[in-house]
1. Give the residue that is nearest to L10 (Cα to Cα), with candidates limited to residues of the stretch 69-105 that are under 18 Å from the mean Cα position of the chain (by Cα) and of a type in the set (D, E, K, R).
2. Would you check if G39 is small (G, A, S), under 21 Å from I191 (Cα atoms) and in contact with a Phe, Trp or Tyr (Cβ under 9 Å, 6 or more places away or on another chain)?
3. Among G100, G108, which is the only one that is surrounded by fewer than 17 Cβ atoms within 10 Å (Cβ to Cβ) and of a type outside the set (S, T, N, Q)?
4. Hey, which of the strands (runs of 3 or more DSSP E) in the stretch 131-225, taking only ones fully inside, have at least 2 residues that are among the aliphatic types (A, V, I, L, M)?
5. Out of the stretch 1-41, which residues are of a type in the set (S, T, Y) and surrounded by fewer than 24 Cβ atoms within 10 Å (Cβ to Cβ)?
6. Within the stretch 51-68, restricting attention to residues that are assigned to a helix (DSSP H, G or I) and within 17 Å of the chain's Cα centre (by Cα), which residue is surrounded by the most Cβ atoms within 10 Å (Cβ to Cβ)?
Amino acid sequence: VGEAGQLALLDARVLCIGAGGLGSPAALYLAAAGIGTLGIIDADTVDLSNLQRQILHTEDRVGTPKVDSAEIALKALNSDINIVKHRTRLDSSNVMEIFGQYDVVVDGSDNFPTRYLINDACVFLKVPCVHGSIYRFDGQATVFHPEGGGPCYRCLYPEPPPPELAPSCQEAGVLGVLPGVVGVIEAIEAIKLILGIGDPLVGRLCSFDALSMEFRELRMRKDPN
């Protein structure tokens, strides 16, 4: 990485969507890596039932807004980092204004409407989106970056599946340590994009099965429509 790379990280502005299961490990490692400005968007408060996977937070901060709790944890790790707190729900009225402030978006959302909103804003603003998702014992990660020649979220999922086929983590459950694996992969991909190194997961979906400890790669094609 070297000095030039560290300066690039210091100049970078990364937005984490959510300070939950995926956002926690992603934000911690991005802060530790020396990202200069880290945005956190989350409208919720810390809940005791979150703590087996949302490692940014602690028991003594139950009831605290997640963005405030995240700031405490991240500043304790890297006091020089600039934390921008967005205590709001992402919607069509604010997404373009918020995303326009950042170089990379790290998606830790857990529902399809938000993922489509994130995707569309990133496509319009030409901002790469590092995507992660988790379900019970399985995780996925990829980078949606049409400007870099890859597909977007709508290329992979033109329409959302019916709700009964896509329950949220709260409904279906998730192994608490699984988000740590996927969130760290998201942090790695964001750093690679900022530094311009390696081969980002553009056009490739990394799938992880925790029970068999297997990683698989699926190729994704860009939909011309």
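The values are calculated or read from the model by the stated rules, or taken from the named source; none is laboratory data. Model, not experiment: these values are computed from the prediction. Don't worry about glycine lacking a Cβ; one is built from the backbone with ideal geometry, like all the others, and counts go over all protein chains shown. Ligands, DNA and RNA are excluded from the accessible area calculation, which covers all protein heavy atoms including side chains. Shrake-Rupley method; radii C 1.70, N 1.55, O 1.52, S 1.80 Å.
1. By that ranking, first place goes to D103.
2. Spelling it out, G39 is indeed small (G, A, S), under 21 Å from I191 (Cα atoms) and in contact with a Phe, Trp or Tyr (Cβ under 9 Å, 6 or more places away or on another chain).
3. When all the criteria are applied, what remains is G100.
4. Counting at least 2 such residues, we get 138-144.
5. Matches in the stretch 1-41: Y29, T37.
6. Selected residue: K66.
Residue-wise test of (1) open to solvent by less than 30 Å² (accessible area, probe 1.4 Å); (2) at pLDDT 95 or above; (3) out of contact with any Cys (no Cβ under 6 Å at 6 or more places or on another chain); (4) acidic (D, E).
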{"position": "V127", "(1), (2), (3), (4)": "yes, yes, yes, no"}
{"position": "Y135", "(1), (2), (3), (4)": "no, no, yes, no"}
{"position": "D138", "(1), (2), (3), (4)": "no, yes, yes, yes"}
{"position": "Y157", "(1), (2), (3), (4)": "no, no, yes, no"}
